[in-house]
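Working notes, beginning with the structure itself.
The values are calculated or read from the model by the stated rules, or taken from the named source; none is laboratory data. If you're wondering where the values come from, they're calculated on a predicted model, not measured in any experiment. Cβ atoms come from the backbone with ideal geometry, glycine included; neighbour counts cover every protein chain shown.
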């Protein structure tokens with residue numbers, strides 16, 4: 001596994017046993033377990049806690065330590081690409097403005113499809129499509145028989161709404177095992193054109209908005225009447241459940257300081273029950289607007305050239321923290337085709353699930369050059385990467401499904417010369433997969449010139465029974481101390497260690513204090529101090545700390 005640090009990380013090749021991240025509420029946790037609390041971060045109480053090395057809120061105080069981001073390994077070939085069937089609904093693009101979830105012995109995918117309209121390059125947006133996989137890398141398109149497409153129901157289209165042949169511009173799905181109504185087990189948000197009456201009222205001919213649907217099985221869906229984004233234009237990135245709220249993240253057209261028009265920026269809508277959506281939205285993540293001038297600048301040579309937020313934040317909840325990616329849309333002229341816009345993915349974190357912070361400001365976590373769209377001979381088309389809620393822990397790896405599409409020359413919507421359709425020769429989009437060792441987004445490790453360093457965690461209120469494990473390399477170089485929230489060491493908890501292994505590298509190394517147990521500190525608010533010593537291990541690295549209910553509970 002490649003890393004930007006001088007400290008190597010291990011890559012493990014294990015069977016794909018999934019430890020799912022919290023796609024909505026897909027990972028049901030024991031209701032008997034008492035929650036941990038992080039009183040200083042604003043994070044929700046959680047029955048498990050993961051403190052990631054990339055999180056400044058988790059580790060607010062550090063000495064002689066630097067953050068080293070891990071570079072994901074990207075599968076060169078797409079896991080899903082356009083169908084070769086000339087009549088298929090996804091024969092132009094399998095856009096991953098979509099979702100992958102894992103349940104039992106299969107992976108399931110819902111995605112945004114594009115089909116060809118003419119041999120001259122005209123394309124059209126299709127309804128939502130569905131695919132399945134045993135291993136998450138080789139996918140099949142089951143014939144669902146739900147939608148008549150070009151006179152045939154042998155396709156993988158998902159029926160949504162009164163006209164199931166209508167276009168859908170994006171989709172995000174979660175499985176919600178805590179909803180008492182089995183008919184609402186699966187929850188979906190998807191992009192749809194605003195209704196005719198609203199078009200007439202607003203004086204617009206078309207506008208993508210975000211709608212909702214529920215399903216008992218992920219295949220048969222009931223569209224709900226609510227529109228998440230109201231009359232507001234929105235292109236969505238993700239649906240997730242965090243801190244008791246359902247959250248939809250997207251980019252919209254909005255106004256910033258001084259009522260200036262913004263470019264693409266991330267906004268989030270919330271609902272407590274997936275039925276009632278607040279009309280207000282939260283600015284989930286924004287890049288800096290130019291000091292003079294601003295604006296969208298995509299359709300035609302207008303707007304300033306700067307990095308905008310494409311699709312908002314593609315996030316998933318880990319319980320106490322939400323992790324996500326955003327599209328670093330590098331707006332420039334010309335917009336489309338060779339020399340045009342590229343889009344990388346930047347890394348974000350949020351405690352409340354609404355407001356995100358960039359881990360390293362302005363630095364791509366996954367660059368379009370690392371995950372390029374399929375090339376065209378003689379052309380140098382840019383690549384647009386797309387982010388979603390599809391971040392999965394699979395065995396000892398973290399998988400990041402993402403989209404990649406080829407930025408080709410467009411004739412824009414509604415032109416008299418193209419009968420209202422996009423014309424885009426060589427258009428293509430596919431589903432891509434990047435991997436890194438489980439939860440090893442980045443490591444805290446010593447400066448090159450330092451032999452010792454340390455850090456403190458945020459305060460943690462412990463439940464009746466708790467266990468601490470470390471996701472770390474060079475374990476023999478790490479020592480763990482427990483103090484009260486005022487940094488006063490607690491007797492008996494000064495020198496915790498993880499037992500050494502042959503390779504000194506573990507994802508779940510149990511931290512032990514001789515003669516003592518964290519259960520003794522039940523109900524107390526504590527801090528952990530981790531000390532790094534190069535004298536006992538050449539390159540001690542901490543990727544994450546995990547707090548879970550003790551097995552003795």
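Just to be sure before I move on: is residue 147 in the same structural domain as residue 246 (by TED's automatic domain parsing), at pLDDT 95 or above and outside any strand (DSSP E or B) in the structure I sent? Even if it seems obvious, please write down each step before you answer.
Numbers: in the same structural domain as residue 246 (by TED's automatic domain parsing): yes; at pLDDT 95 or above: yes; outside any strand (DSSP E or B): yes.
Here the answer is yes, as residue 147 does meet what is asked.
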Note to self: Every residue in segment 342-376 that is out of contact with any strand residue (DSSP E or B) (no Cβ under 6 Å at 6 or more places or on another chain) and farther than 30 Å from residue 44 by Cβ, please.
What the structure shows: 369, 374, 375, 376
Notebook entry, point to check: Within segment 520-531, can one find any residue that is free of Cβ contacts under 8 Å to residues at least 40 places away in the same chain and closer than 19 Å to residue 492 by Cα?
Noted result: yes
Next item on the list: Go through (1) buried (at least 20 other Cβ atoms within 10 Å of the Cβ); (2) under 30 Å from residue 277 (Cβ atoms) and name the single condition residue 185 misses.
Entry: (1)
Item checked: Residues of segment 455-482 satisfying the condition of being in a strand (DSSP E or B), surrounded by fewer than 23 Cβ atoms within 10 Å (Cβ to Cβ) and within 29 Å of the chain's Cα centre (by Cα) -> 455, 456, 461, 467, 469
Next item on the list: Within segment 484-516, work out how many residues are closer than 16 Å to residue 36 by Cα and in a loop (DSSP other than H, G, I, E, B).
Entry: 1
Check: So residue 485 fits all but one of (1) touching a strand residue (DSSP E or B) at 6+ places or on another chain (Cβ under 7 Å); (2) exposed (fewer than 15 other Cβ atoms within 10 Å of the Cβ); what number is the exception?
Finding: (2)
Checklist line | Within segment 157-182, considering residues that are in contact with a strand residue (DSSP E or B) (Cβ under 7 Å, 6 or more places away or on another chain) and not in a loop (DSSP other than H, G, I, E, B), the one surrounded by the fewest Cβ atoms within 10 Å (Cβ to Cβ) | finding: 176
Checklist line | Residue selected from segment 369-392 under the condition more than 21 Å from residue 171 (Cα to Cα) and touching a residue at least 60 places away in the same chain (Cβ under 8 Å), by the criterion surrounded by the most Cβ atoms within 10 Å (Cβ to Cβ) | finding: 371
Next item on the list: Read through the list (1) touching a strand residue (DSSP E or B) at 6+ places or on another chain (Cβ under 7 Å); (2) more than 23 Å from residue 166 (Cα to Cα); (3) part of a loop (DSSP other than H, G, I, E, B), then give the number of the only condition that residue 89 fails.
Entry: (2)
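Can you spot a residue in segment 521-533 that is within 16 Å of residue 59 (Cβ to Cβ), part of a strand (DSSP E or B), over 33 Å from the mean Cα position of the chain (by Cα) and in the same structural domain as residue 60 (by TED's automatic domain parsing)?
Initial filter on segment 521-533 (within 16 Å of residue 59 (Cβ to Cβ)): 526-532.
Still in the list and also part of a strand (DSSP E or B): 526-532.
Now restrict to residues that are over 33 Å from the mean Cα position of the chain (by Cα): none.
The answer is no; no qualifying residue exists.
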Check: Among 496, 430, 477, which is the only one that is touching a strand residue (DSSP E or B) at 6+ places or on another chain (Cβ under 9 Å), without any contact (Cβ under 8 Å) to a residue 40 or more places away in the chain and on the phi < 0 side of the Ramachandran plot?
Finding: 496
Next item on the list: Check residue 127 against each of (1) assigned to a loop (DSSP other than H, G, I, E, B); (2) more than 27 Å from residue 249 (Cα to Cα) and name the one condition it does not meet.
Entry: (2)
Note to self: Going through 216, 164 one at a time, which residue ends up being more than 22 Å from residue 244 (Cβ to Cβ) and touching a helix residue (DSSP H, G or I) at 6+ places or on another chain (Cβ under 9 Å)?
What the structure shows: 216
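Identify all residues within segment 534-553 that are in a loop (DSSP other than H, G, I, E, B) and over 22 Å from residue 37 (Cα atoms); write none if there are none. Show your work before the answer.
Of segment 534-553, the ones in a loop (DSSP other than H, G, I, E, B) are 534-540, 549-553.
Those that are in a loop (DSSP other than H, G, I, E, B) and over 22 Å from residue 37 (Cα atoms): 534, 535, 536, 537, 538, 539, 540.
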Item checked: Output for segment 92-124, where each listed residue is surrounded by 20 or more Cβ atoms within 10 Å (Cβ to Cβ) and either assigned to a loop (DSSP other than H, G, I, E, B) or in contact with a helix residue (DSSP H, G or I) (Cβ under 9 Å, 6 or more places away or on another chain) (or both) -> 92, 121
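Rundown of residues vs (1) farther than 30 Å from residue 409 by Cα; (2) over 16 Å from the mean Cα position of the chain (by Cα); (3) at pLDDT 95 or above, yes/no style:
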position: 251; (1), (2), (3): no, no, yes
position: 264; (1), (2), (3): no, yes, no
position: 267; (1), (2), (3): no, no, yes
position: 292; (1), (2), (3): no, yes, no
position: 305; (1), (2), (3): no, yes, no
position: 311; (1), (2), (3): no, no, yes
position: 315; (1), (2), (3): yes, no, yes
position: 318; (1), (2), (3): yes, no, yes
Check: Out of the residues in segment 132-144 that are assigned to a loop (DSSP other than H, G, I, E, B) and closer than 15 Å to residue 218 by Cα, which is nearest to the chain's Cα centre (by Cα)?
Finding: 141
